[in-house]
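Beneath this line is the structure, given in structure tokens, with notes to follow.
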Ligand SMILES: [Zn+2]
Ligand SMILES: [Zn+2]
């Protein structure tokens, strides 16, 4: 059977499962869960994969779920399809979880629907018997790097080392036998087209900062205190002052938040906490900006005679999409959606832990539409369930056929030219080397 015939069979199978796939996407959308806590979503993934006759393993990096299918044409490369399980806290989102504030304002619910839809289509159409190598359906936790205090606690308790899902899965060896990987991210941006591939994404380091001052009666004896909030304020002002030193081409993003600003209003704040990322297009640019940010943060402590504790955590590495895989995706997307609906996305200034995977294997991270509003904002919503849930299922399944049918010629072609910059060991060593903690007494 030709690749084209296989794709046709899969597309029809996915269409027959259309209601179920949309149902999955919508169910997850209204039950958002934060990273590493996606218990209900993971249980639903496990159950769905079992229903397809697969034997998923779960609890990987706390909540990840992975099911493997061997091709019937003998051993060969292993290609993983990924879907991210997590939501994030967005104030005021209409579908936010009442308890946690979590909302699917990044559209990861669509990723899981697409992943499971691809699995349904491939299994229903009997595609695996035509494949060489292995397909992995992998629902992965915690792409959104938030809820940091809780994650740091889990790390202290030995339950995590890295605080993002894919780095942690890499550490645990769950990608050791994977040769190539792909996921599709939803986009609400009309200018991305209905489908498009970015050339690259920013990477980042993550920082937690704590200013320690001295509490005192805010009315009776403020002169006895050291105001940690004012120290933090000067630190933030200093960060804003260094922005003009960032080069446009490095696409630096520094966006701090105060997570704790004082104990109560009649006490001079003695403990103020900040979180931030330092993002950039290259590792060198991130590290250069990071040095400046640390210096700016110290300035606040110096001005007030406070202390600042700066913890730098490994974040995500910049991402590069594999051009051969991008070409295959584009061909399928153009057939499915029309050439006029395919967008060239260019460099994106958000970060993703697909960047980490892209350092050790060829990956593809296209965007597909179906959403409206602003990513990570209260107005983000899925408006076209066919484009958001069904089309990615087809595009993922088509890539499986392109890469692993015909003796896995496609995958071998990708692997022959891809030059990921790091080995897995080097990656882990590099990320560990970024972690540092500094205490500065102003
Ligand atoms: Zn996001
Ligand atoms: Zn996302």
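The values are calculated or read from the model by the stated rules, or taken from the named source; none is laboratory data. Note that this is a predicted model, so its numbers are computed, not measured. Cβ atoms come from the backbone with ideal geometry, glycine included; neighbour counts cover every protein chain shown.
Numbers at a glance
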quantity	calculated
Residue, farthest from ligand 1 (Cβ to nearest atom), within the range 121-152, restricted to residues that are buried (at least 24 other Cβ atoms within 10 Å of the Cβ) and closer than 14 Å to residue 13 by Cα	127
Checklist (1) more than 16 Å from ligand 2 (Cβ to nearest atom); (2) crowded, with 21+ Cβ neighbours inside 10 Å applied to residue 106, failing item	(1)
Single residue of the range 362-374 satisfying the filter (assigned to a loop (DSSP other than H, G, I, E, B) and over 30 Å from residue 421 (Cβ atoms)) that is nearest to ligand 1 (Cβ to nearest atom)	374
Per-region count, the range 375-397, residues away from ligand 1 (no atom under 16 Å from the Cβ), assigned to a loop (DSSP other than H, G, I, E, B) and touching a residue at least 60 places away in the same chain (Cβ under 8 Å)	0
Matching residues, the range 247-256, being in a loop (DSSP other than H, G, I, E, B) and in contact with a strand residue (DSSP E or B) (Cβ under 8 Å, 6 or more places away or on another chain)	251, 252, 255, 256
Selection status of residue 13, at positive phi and touching a helix residue (DSSP H, G or I) at 6+ places or on another chain (Cβ under 6 Å)	no
Qualifying residue in the range 220-228 (condition: at pLDDT 95 or above, in contact with a helix residue (DSSP H, G or I) (Cβ under 7 Å, 6 or more places away or on another chain), farther than 15 Å from residue 308 by Cα and in a strand (DSSP E or B))	no
Selection within the range 300-323 - touching a helix residue (DSSP H, G or I) at 6+ places or on another chain (Cβ under 7 Å) and surrounded by fewer than 19 Cβ atoms within 10 Å (Cβ to Cβ)	303, 307
Residue ID - surrounded by the most Cβ atoms within 10 Å (Cβ to Cβ), chosen from residues in the range 33-45 that are touching a strand residue (DSSP E or B) at 6+ places or on another chain (Cβ under 9 Å) and either within 13 Å of residue 120 (Cα to Cα) or touching a residue at least 24 places away in the same chain (Cβ under 8 Å) (or both)	38
Qualifying positions in the range 88-100 - more than 14 Å from ligand 2 (Cβ to nearest atom) and closer than 19 Å to residue 382 by Cβ	92, 93, 94, 95, 96, 97
Residue among 308, 345, 335 that alone is touching a strand residue (DSSP E or B) at 6+ places or on another chain (Cβ under 6 Å) and either farther than 21 Å from residue 108 by Cα or not in a strand (DSSP E or B) (or both)	308
Test result for residue 377, within 28 Å of residue 186 (Cβ to Cβ) and away from ligand 2 (no atom under 16 Å from the Cβ)	no
Count - residues of the range 417-442 that are in contact with a helix residue (DSSP H, G or I) (Cβ under 9 Å, 6 or more places away or on another chain) and at pLDDT 95 or above	14
Where residue 91 falls short, out of the listed (1) surrounded by fewer than 19 Cβ atoms within 10 Å (Cβ to Cβ); (2) more than 16 Å from ligand 1 (Cβ to nearest atom)	(2)
Single unsatisfied condition, residue 201 versus (1) farther than 22 Å from residue 393 by Cβ; (2) within 13 Å of ligand 2 (Cβ to nearest atom); (3) not in a strand (DSSP E or B)	(3)
Residue among 225, 219, 262 that is in contact (Cβ under 8 Å) with a residue 12 or more places away in the chain, within 32 Å of the chain's Cα centre (by Cα) and farther than 30 Å from residue 287 by Cα	262
Qualifying residue in the range 350-361 (condition: within 14 Å of ligand 1 (Cβ to nearest atom), within 22 Å of residue 21 (Cβ to Cβ) and buried (at least 23 other Cβ atoms within 10 Å of the Cβ))	no
